[in-house]
Every structure is written in C-alpha cells, then in structure tokens.
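Okay, structure first, notes after.
The values are calculated or read from the model by the stated rules, or taken from the named source; none is laboratory data. Just so you know, these numbers come straight off a predicted model, no measurement behind them. Methodologically, a virtual Cβ is constructed for each residue, glycine included, from the backbone with ideal geometry; neighbour enumeration extends over all protein chains shown.
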C-alpha cells in the first residue's frame, strides 16, 4: 500500500502552490497526495471554491476529499476562532478517512509574523507569542507547516513560474477581523522596518523555546506538589518563587478546567490565595473552591445578586 500525504487546500494562493509542489514531489517519491478541502459555509463563493479545488486535484492527479461544516458560530462566538477550530477538526476527520497520517498546511513566514503581532496586541505571553508550531498532533493526525520559514514573495514567484491561478478570499482583508486590519497596515510596517517579517518570525521561535522551557519547569514543579484527586495544595505551592507559582497555577488550571484559562483569573488567584483560608471563585461552567488548604474545581454554586466575589474567611 502506497503512503499518502494530505494537503489542506482552500483554493487560495498559498495552498494552491503547496498542493502543486507536493503533487510534483510526491510523484518522484512514489507517494500519493490527497487534497483536503473544508467548506465553511460562510462565504457565497464557497461552492465555487470547492469545485475549483476538485478540478485542481483532478488536473494534478491527486486524491480529493471535502467536508461541509454543518454548524455555524454561536451568538457572541468569534467567527475566526470557530472557523479555525472546526477546520482543524474536519481536516483530521478527512485525513483519517483517506488514510493520511500527515496533513501539510500552507502558512508561511509572513503568516507567522502576523500571528506574533496579533498575540502581542492581545497581551499574549510566551506561549501565545510562539505563534504557530512547525508541527503538532491533533485528533490522531500530524499537521506540519513546511513553508513556515518561507517568505511570501517566494510563493508568489512559484505561482508565476508555474502559471497557477488561485482564488482570493475577501475575508482575508476584512477589517472586522484582526488579521484583516493588520494586513491593511502591513505595507507601512515593511516600509518602516524592511526586515519586520524575518525579525518577528525569529522572535516567535525564541518565544516557542521559552514557552517550552516554562512548560517543562511547571510540569516538574506540579508533579512535586503531590497533587491528589485534582486538588492543588496551596501551602507547598506558596513555597515556589512567584514566577514558578504563576506557571504552575496556569498548568493546573488548564487541566482542572479543561477550558481556556482567563489571565484575569490567574492574577486574581495569585493575589488572593496567599491570604484566604476558604473561598469560592466562578470559573467557566463551574467554580474553584479553596477548602482545607487545597484548591479544587467544583460544580457551580448558586450566584448571589450582589456579584461573584469569593466568600472568604
């Protein structure tokens, strides 16, 4: 049975170039290529884009598989976050269905620089500033970004060299989205700082290295605290240095809540845990409860009309 690799193909410029390059290289190596397309149902052009990728796959002798997302973002949910989450879940399903253990993604160096800036503007720490990893696992599938160190100009040159046509998604320049607003001022950035793309991508790599070190230290510290039954013992936690205390708390919260951890909650706990003996904090769908020297996740208690301040003693 021949090995197969998948390419996430939207029909846009970057993924069109990647699908074409992968198909040419795979033919030399005796590997099958499958184009995976996710129909988000958010743009009126989406049906035409699906058919374009289908035709590309046929023309370049690759496999093709597509999935139409059945849902829509819930009220108040970020369209960008919803689309990203659902797209990766759909790509993983398609990859498993077509026997592909590896999915190639077409993000490049400018995408990485933009992600770094967006995370910085949102106040992200080392993990956020690390931006996009070159490789990661999700839902039993490996995703890789082989062009993360490649400049956009090189990809544009590839398209011209091979006379490849692609679609332009208008949402990429939509000012409603953070990335669209950033792209509107990107020419000014490059005029003022000609090496901005390379520099920010390099900064993202440094942040990734630092985030990995923080995660390793926090995991070792948390293991040393002898957490039992999911309860974080506060007294030994307080013996850690302030920086390590914050890192351990973030790691424990991520496990205990199984949901994104608001930085406001982290800072509130860091400030209040040392001086309280009993307290309850609302956290996501439940509560965090401090009792008998341990911090634990619990079901939500009825809220009082006066607000969500912890009951402390």
For segment 90-121, enumerate the residues that are farther than 27 Å from residue 156 by Cβ and in contact (Cβ under 8 Å) with a residue 40 or more places away in the chain.
90, 92, 93, 94, 95, 96, 98, 99, 100, 101
Test: residue in segment 185-206 that is closer than 23 Å to residue 18 by Cα, under 18 Å from the mean Cα position of the chain (by Cα) and assigned by TED's automatic domain parsing to the domain that holds residue 148:
no
Residues within segment 207-250 that are more than 28 Å from the chain's Cα centre (by Cα) and at positive phi, tallied:
2
Kindly establish whether residue 151 is in contact with a helix residue (DSSP H, G or I) (Cβ under 8 Å, 6 or more places away or on another chain) and either outside the structural domain of residue 112 (by TED's automatic domain parsing) or within 18 Å of residue 121 (Cβ to Cβ) (or both).
no
Among 223, 219, 254, which is the only one that is part of a helix (DSSP H, G or I), at pLDDT below 95 and over 23 Å from residue 123 (Cα atoms)?
223
Do you know which of the residues in segment 259-284 that are part of a helix (DSSP H, G or I) and in contact with a strand residue (DSSP E or B) (Cβ under 9 Å, 6 or more places away or on another chain) is surrounded by the most Cβ atoms within 10 Å (Cβ to Cβ)?
269
For a quick check of your reading of the model, give me the residue pairs whose first member lies in segment 289-300 and is surrounded by fewer than 13 Cβ atoms within 10 Å (Cβ to Cβ), whose second is assigned to a loop (DSSP other than H, G, I, E, B), with beta-carbon atoms closer than 7 Å and at least 6 apart or on different chains.
300/285
Evaluation of residue 256 against (1) crowded, with 17+ Cβ neighbours inside 10 Å; (2) out of contact with any strand residue (DSSP E or B) (no Cβ under 8 Å at 6 or more places or on another chain); (3) in contact (Cβ under 8 Å) with a residue 12 or more places away in the chain (one fails), failing number
(2)
Say whether the condition of being in a helix (DSSP H, G or I), under 20 Å from residue 11 (Cβ atoms) and in contact with a strand residue (DSSP E or B) (Cβ under 9 Å, 6 or more places away or on another chain) is met by at least one residue in segment 36-45.
no
Any residue that is within 25 Å of the chain's Cα centre (by Cα) and under 24 Å from residue 151 (Cα atoms) - is there at least one of those in segment 43-51?
no
Could you grab me the full set of residues in segment 261-286 that are under 25 Å from the mean Cα position of the chain (by Cα) and over 21 Å from residue 221 (Cα atoms)?
262, 264, 283, 284, 285, 286
Can you name the number of the only condition in (1) touching a strand residue (DSSP E or B) at 6+ places or on another chain (Cβ under 7 Å); (2) surrounded by 15 or more Cβ atoms within 10 Å (Cβ to Cβ) that residue 230 fails?
(2)
Among the numbered conditions (1) at pLDDT 95 or above; (2) assigned to a strand (DSSP E or B), tell me where residue 287 comes up short.
(1)
With segment 60-169 as the region, which strands (runs of 3 or more DSSP E) entirely inside it contain at least 2 residues that are buried (at least 17 other Cβ atoms within 10 Å of the Cβ)?
63-68, 102-104, 141-144
